[in-house]
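Working notes, structure below.
FYI, it's all coordinate maths here, none of it is from the lab. All figures in this text were calculated on a predicted structure; none of them were measured in a lab. Reconstructed Cβ throughout: ideal geometry from the backbone, glycine too, with neighbour counts over all protein chains shown.
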Amino acid sequence: KKGKKKGGAAADPGKAKRAAAAAAAADKAELQARMDAALAEAEALLQRTIAEAEAKHAATVQAFETAAREAAAAAASTLASTIAAYDKQLEELAANHKAEMTTAATAHQAELSAREAKHAEVLAT
């Protein structure tokens, strides 16, 4: 008998090459699918991380804005209290000054009246 032996890949070198190429293609496809899945997972993780960072940033900004508003309100309140206290002091000083001036004017008027009376007495004699 002349011809090829039947018996699989060893009997047919082309068949062995095709089988190896098919296995390599399957391995490549599996590797590509794994890489695509890993890339998608990494992308999802990145998006979650970005979203969390943005949320934390927004919360931090909100907290700082709230603290700044509270500090400004406290400062305004303190300033208003200080101004009110100074206004009260000025009113008290003005009232005291007016009382002192009234007392001094009354004393001066009494002294003038006494002098006038003395003059009138001197003139009468």
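Label positions at Arg115 and Tyr86, each projected 7 Å from the Cα along the C-beta direction, are separated by 4.2 nm. Summing Cβ point charges (Lys, Arg +1; Asp, Glu -1) relative to the Cα centre of the chain gives a dipole of roughly 2960 debye.
Note on His57 and Asp12: the model spin-label points, each 7 Å out from Cα along the C-beta direction, lie 6.2 nm apart.
Under 18 Å of direct C-alpha separation, and excluding same-chain neighbours fewer than eight residues apart, Lys98 reaches these aspartates and glutamates: Asp87. Rounded to whole numbers, the Karplus 3J(HN,Hα) couplings from phi for segment 75-92 are 5, 5, 5, 4, 4, 4, 5, 5, 4, 4, 5, 5, 4, 5, 4, 5, 4, 5 Hz, using 6.51 cos²θ - 1.76 cosθ + 1.60 with θ = phi - 60°, and x at Gly and Pro. Given the choices (1) 40, 35, 30; (2) 184, 13, 9; (3) 94, 57, 25, Cα extents along the principal axes in Å derived from the coordinates of this structure is entry (2). Within a straight-line Cα-Cα reach of under 15 Å, Lys56 can be paired with the following aspartates and glutamates, leaving aside sequence neighbours fewer than 8 residues apart in one chain: Glu65.
Roughly speaking, what is the stretch gain from His97 to Ala37, that is 0.36 nm per residue apart minus the C-alpha to C-alpha distance, in nm to one decimal?
12.7 nm
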